[in-house]
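Q: My questions will all concern the structure given below.
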Amino acid sequence: MNPIITAFASSPDRGQGLARDMRVRWALEEVGQPYDVRLVSFTEMKQPAHLALHPFGQIPTYEEDGLALFETGAIILHIAEHHAGLLPGDANARARAVTWMFAALNTVEPPIVERETASYMERSEAWHEHRLPMMEERIRTRLGQLSAWLGGADWLDGVFSAGDLMMASVLLRLKASSDMLEEYPNLSAYVARGEARPAYRRAFAAQLEVFNASSPG
Ligand code: GTB
């Protein structure tokens, strides 16, 4: 039986790959694991059946025989540990790839999400325009550090890994909501390399199809 993931029945981004099921789809495509998708509405996500899978009432979730997971970090690590292609064989290189997954989720994604959330939750507050530059400075600090680490390399630690998949996914979210990424040409090129991967393109097409299928005409 294929694993089953959940995704938005109606994603606010109109299928532009910004919801977090995209990174799970990408990981599954990278390792060649077919999967099924159960689409859920915002109402269904808060109902007991979904809360039994995801205590915070969110997507994505991941189910396979006898196992239900939530949190994209845990899901992608699980996929990477059970299939070849997303983690190096060498134990130390593997640990470093996992480190980059955590860095993407714990160090780079939070300031990006904070700015994005503020832009729709706090935009009408008088203090928003004063807070915005501070939030953007925090993002630039991380982008500058990441850019310095990457230098002229293709990937963060040698070959493409789950760490790159997660980092590129996080940066793609920034790219969709600001021009900041363009200030770092090596990071822009890094994200473009991720987007050019056949697995990424298949995942993107699959989630866009959900939007197209639900739109008239
Ligand atoms: N830490 C969790 C993880 O990594 O799995 C975060 C999961 C999460 O934030 N899920 C969001 C969700 O279910 C969807 S991805 N939200 C509904 C809710 O909380 O009620 C966040 C997201 C949503 C939509 C867009 N978009 O349309 O642009 C982008 C990102």
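Every number in this text was worked out from the coordinates using simple rules, so none of it is lab data. Predicted model only: the values in this text are computed from it and were never measured. With ideal geometry, Cβ positions are generated from the backbone for all residues, glycine too; neighbour counts draw on all protein chains shown.
Q: Could you list Val108, Val24 in order of exposure, starting from the residue whose Cβ has the fewest other Cβ atoms within 10 Å?
A: Val108, Val24
Q: Read phi for every residue in region 9-15 and hand back ³J(HN,Hα) as whole Hz from Karplus 6.51 cos²θ - 1.76 cosθ + 1.60, θ = phi - 60°, with x for Gly and Pro.
A: These are the phi-based 3J(HN,Hα) values: 5, 9, 7, x, 8, 6, x Hz.
Q: What dipole magnitude, in Debye to the nearest 20, does region 91-197 give about its Cα centre under +1 on Lys/Arg Cβ and -1 on Asp/Glu Cβ?
A: 360
Q: If you don't mind, another one. If you average the alpha carbon positions of region 1-50 and of region 168-217, how far apart do those two centres end up, in angstrom?
A: 16
Q: Taking the Cα centre of the chain as the origin and placing charges on Cβ (Lys, Arg +1; Asp, Glu -1), which of Leu143, Thr6, Pro55 is farthest toward the positive end of the dipole?
A: Checked the options; the winner is Leu143.
Q: Just tell me, in residue order, which DSSP H segments of the chain are both 20 angstrom or longer along the helix axis (alpha-carbon based) and at least 0.0 in mean Kyte-Doolittle hydropathy.
A: 162-177
Q: If you don't mind, another one. Taking the Cα centre of the chain as origin, work out the dipole magnitude from +1 charges on Lys and Arg Cβ and -1 charges on Asp and Glu Cβ, in debye rounded to 20.
A: Values: 20 positive and 28 negative charges, 26 e Å.
Once rounded to the nearest 20, the dipole reads 120 debye.
Q: What longest region of the chain stays clear of chymotrypsin sites (Phe, Trp or Tyr not before Pro) that DSSP places outside H, G, I, E and B and that have at most 13 other Cβ atoms within 10 Å?
A: Longest gap between qualifying sites, sites excluded: 128-217.
Q: Could you tell me which residue out of Ala93, Gly152, Tyr184 lies farthest along the dipole of region 91-197 toward its positive end? Charges go on the beta carbon: Lys and Arg +1, Asp and Glu -1, centred on the Cα centre.
A: Farthest towards the positive end: Ala93.
Q: Just for the chain, what percent of DSSP beta bridges are antiparallel, to the closest 5?
A: 55
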